Structure formats: C-alpha cells, structure tokens
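Values quoted throughout were computed directly from the atomic coordinates according to the rules given, and no laboratory measurement underlies them. Bear in mind the structure is a predicted one, so any value in this text is a computation, not a measurement.
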C-alpha cells in the first residue's frame, strides 16, 4: 500500500518561502565572487562593465609582474613556516589536552582555542606591542610567522584533539603487551592513526596563512604578501590583474580546503582495502 503525504497549502507556502530565502542567501554570498571571476576574463582594460570580450591576457600579466611574484614568494615562504610551526605545536598541545588529567580541562581547551574567537585586529595590535615594545624586534617575515602561528595553531589543536578522543587506547595497550616502548607506540601506532587529522590541520594552517590579511598587515613591516598587495592595488582602483590574482588565490584556497577534507577519507579507504 502506497502512502501519500498530505501537505497543506500553508505548509507548501512555508516550504516555498524557506527555499526562496535559501536561494537568496546563496546568491547574496556567492554572487560577488562569481562577478569577480567573470571580470578576470573580461577584455575591458578597466576590469569593470561593459564586457568587451573574453580573454586570458590578464592571467598572463599576473605571472609577468615582478611585484606579484615577490608577493607570491613571500606568501608561500610565510605559509610554509606557519604550517610547520602550527602543525608541530598544535599536535604536541593536543596530547596533554586530551590525555592528561589537567584540572579545569574545559577551561584550558577554551584558552587554547581563544585566538579563533578573538578578532584579528586585537591579535595584530597586541602582538605588535609585545614584539616591538617589549622584545624590541624588527618587523619582518618572522614576526608575521609568529602572529599567524598564534591564529592558526588552535585549528590544528582542535582537529588532532578530536582524532585523539576517538582513538582506541586498547591499541596502545596491545602494542605494549607485544614489547613496544613509548617511542615505538608513538611511531608505529599513534602517529599513523592520527596522521590524517595532522595533515588536515596542516592544510588548514597553510590555507589560513595564505589568506591572512589583518594580522599580517600589522606584523610584516615593509614586506608584501598577496592579500596585502591586492589591498594596496584596490586602493588605487580595481584592475583586471587584481581580479585575476584574486581568482587564482581563491582557487588555491578552495583546492587546499577540498584536499583537507578529501585526503583523510581517501587514506582511510586505502587502509581498509589494504587490510581486506
């Protein structure tokens, strides 16, 4: 016997309104990004309306501009250093956060993830005062790495801690019964099982560092990263090169975020196939 769902006109109207509102929200959020991408292919040399044709010329200009190349290499260097620092510190901090018997563990967890909730403006200003007035450091790429690491490390902590909480301690006890010491348990049991979360945290740290603007602006001094370069160019008017550069930066960020989600699942599936 087939059952038919009876929907009242009022419920049908509510569903239609909710669906329309959801579509409006998505258009409001993503329409500016789509317009930016479209303008990056616009042959108009002013990077605005009207569309005078489609071209890839502006992408070629991006790769021939020495200022963009310098900003790109600076961004990649900072992002790589931030990724290493955030991954090592965040992974190490996740172990005592999950396995130790710290008093007020919830409070400690909130304290470690507080940089995520604090506005980047406050982090940038406070670190600027600390590094220049207290430690008398010159603003450079290294100070930018410090500031970005403060912001990105909590993301690694959260991902690795979540993986450790789902870790079966019986596996380590079994390894101990077979004669494995602490180092061997960590190398052959714990790290392989939490490695997808560690790698996902590293990708998140790299992506966040790649796009970080506010904290970097306060701490990098005379150097430029890609977000800062785009900001300085936009102040004098949006050009097609800026649209193309922003599109490439967006594509790189989306690819890294997608990789952070897909790779752990792929690794788990491969392990299951190998075990089978």
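Key figures for this structure:
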{"read-out": "Label corresponding to Cα Rg over 2.2 N^0.38 Å when calculated from the structure given, among [x] 0.94; [y] 1.29; [z] 1.09", "value": "[y]"}
{"read-out": "Distance between region 75-120 and region 122-195 - C-alpha centres, whole angstrom", "value": "6 Å"}
{"read-out": "Radius of gyration, Dmax [region 7-77; alpha carbons; angstrom]", "value": "20.6, 64"}
{"read-out": "Value of relative contact order over region 61-275, rounded to a whole percent, pairs C-alpha under 8 Å and six or more apart", "value": "33 percent"}
{"read-out": "Top of 157, 84, 145 by mean-square fluctuation, Gaussian network on the chain, Cα under 10 Å", "value": "84"}
